[in-house]
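Asker: Let me begin by handing over the structure; questions about it come next.
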Amino acid sequence: LGLGVLVGGMLLASANNMLTLYLGIETLSILSYALASLRKNDERSSEAGLKYSLYGGISAGLMLFGMSHMFGVLGTIQFNGMAQNIANLTQTEILVLIPSFLLFFVGIGYKIACVPFHMWSPDVYEGSPLPVTAFFSIVPKMAGIAVLLRITISFFSNDGVMQYSWIGLLQVIAALTMTFGNISAINQRSIKRMLAFSSIGHAGFMMLGAIVLGADGVRSVLFYGIGYMFMTLAAFAITSFIQNKYGNDHFERFSGLIYRKPMMAIAMTIIMFSLAGIPPFSGFVAKFHILSAIIKQGYMTLAIIAAINSVISLYYYLKVVRLMVFKDQEDDGEIVGFSFVNQSVIVMLVVPVVVLGLFWAKIMAVADGAKLFIQ
């Protein structure tokens with residue numbers, strides 16, 4: 001199932017016509033519903049799969065409805081042909097096409113979990129098995145961001161009503177997504193739910209890269225995605241072993257971890273600092289380059305909103321660090337999952353978070369080649 005979701009994500013990210021794009025989304029989504037319900041005897045897992053499939057079915061239907069109108073107006077489903085025809089539209093055709101693209105965006109927005117298509121995300125993240133949750137927070141999200149970049153650069157690079165409408169929509173949704181995700185994460189008791197709302201905030205941040213409409217945006221988003229992948233995998237790995245020990249993943253379960261498993265506490269601290277955008281870790285470099293790209297384009301208001309949201313995120317990320325370092329441990333029981341092998345794997349996941357923050361120039365140069373795949 002995991003490989004199937006991965007293939008669906010690759011199909012979605014590399015699509016060059018609307019039919020392939022839709023098949024990619026459906027392959028990704030249908031197998032994800034099964035993954036979310038993997039623990040068939042767990043009510044929360046079954047509920048997660050049901051909610052995921054309901055939201056997914058509705059969003060896919062709306063997306064297909066919008067795509068049918070796009071084909072009716074443009075006469076083709078090939079991206080190259082659609083991009084050429086968009087430049088020669090009459091005013092009436094533009095009025096039909098703008099709402100069609102809005103409906104089309106519903107399907108992409110659902111995969112990214114941006115506002116207002118985020119409703120499924122916290123419940124599905126909390127109810128799914130932890131490895132599945134970690135998988136969901138990376139593969140569907142990055143595939144959705146990749147196709148959003150491709151669509152934006154392919155169709156909306158030329159000045160006009162269509163570009164202003166689409167870029168304006170992305171600006172509003174990115175700002176709302178960042179703000180909602182970070183504010184909602186503040187009052188969560190569960191680390192999984194906190195990371196779910198946090199991922200919504202990060203999705204809003206990555207959406208800013210699409211607004212730039214150029215190589216700077218693509219490069220910044222790809223670097224962000226690489227760093228975010230390692231941070232998320234390590235955070236969920238540590239959380240899963242804590243949950244297996246106590247039966248839940250509440251913040252309090254991390255109390256005094258520095259005294260019991262100092263290496264894991266240090267690793268989790270690095271991850272939280274990086275997610276919050278504190279130097280010298282990869283999260284800071286990723287956010288810096290996206291902010292630099294949007295400031296260069298003159299989007300000062302968006303840059304201020306993004307910076308404020310980074311400050312807000314400090315509260316709930318540092319809350320985990322405070323509990324691990326400054327609170328007394330709840331008990332002396334052994335956390336079985338933190339074997340030498342598992343701790344070594346987690347440390348290997350954390351190393352790139354530090355390395356990418358210190359030696360980011362070479363990775364950024366490699367990421368610059370990504371523009372070849374979206375043209």
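The values are calculated or read from the model by the stated rules, or taken from the named source; none is laboratory data. Since the model is a prediction, treat every value here as computed from it, not as a measurement. No Cβ is skipped: glycine too gets one built from the backbone with ideal geometry, and neighbour counts run over all protein chains shown. When the accessible area is computed, the model is the full protein with side chains, heavy atoms only, and any ligands, DNA or RNA have been set aside. Shrake-Rupley method; radii C 1.70, N 1.55, O 1.52, S 1.80 Å.
Asker: Can you tell me which residue within region 36-58, out of those that are open to solvent by 10 Å² or more (accessible area, probe 1.4 Å) and small (G, A, S), is nearest to E26 (Cα to Cα)?
Answerer: From region 36-58, those open to solvent by 10 Å² or more (accessible area, probe 1.4 Å) are 37-44, 46-47, 50-51, 53-55, 57-58; that's our starting set.
Next, only the ones that are small (G, A, S) stay: 37, 46, 53, 57.
On the way: S37: 17, S46: 20, S53: 11, G57: 9 Å.
This residue is G57.
Asker: Could you count how many residues in region 332-344 are part of a loop (DSSP other than H, G, I, E, B) and either touching a Pro at 6+ places or on another chain (Cβ under 6 Å) or open to solvent by 50 Å² or more (accessible area, probe 1.4 Å) (or both)?
Answerer: From region 332-344, those part of a loop (DSSP other than H, G, I, E, B) are 332-339; that's our starting set.
Imposing the further condition that a residue be either touching a Pro at 6+ places or on another chain (Cβ under 6 Å) or open to solvent by 50 Å² or more (accessible area, probe 1.4 Å) (or both) reduces the set to 332, 334, 336.
Number satisfying all stated conditions: 3.
Asker: Follow-up. I'd like the full set of residues that are buried (at least 17 other Cβ atoms within 10 Å of the Cβ) and of a type in the set (S, T, Y), limited to region 129-164. Before the answer, list the steps.
Answerer: Within region 129-164, the subset buried (at least 17 other Cβ atoms within 10 Å of the Cβ) is 129-130, 132-153, 155-156, 162.
Result: T133, S137, T152.
Asker: Go through (1) surrounded by fewer than 18 Cβ atoms within 10 Å (Cβ to Cβ); (2) more than 26 Å from L149 (Cβ to Cβ); (3) among the small types (G, A, S) and name the single condition A237 misses.
Answerer: Result: A237 fails condition (1) only.
Asker: Now, a different point. Select the helices (runs of 4 or more DSSP H) contained entirely in region 187-303, then report the ones holding at least 2 residues which are modelled with pLDDT of 90 or more and within 22 Å of S313 (Cα to Cα).
Answerer: Numbers: elements: 191-211, 215-246, 257-260, 262-276, 282-296.
The qualifying helices (runs of 4 or more DSSP H) are 191-211, 215-246, 262-276, 282-296.
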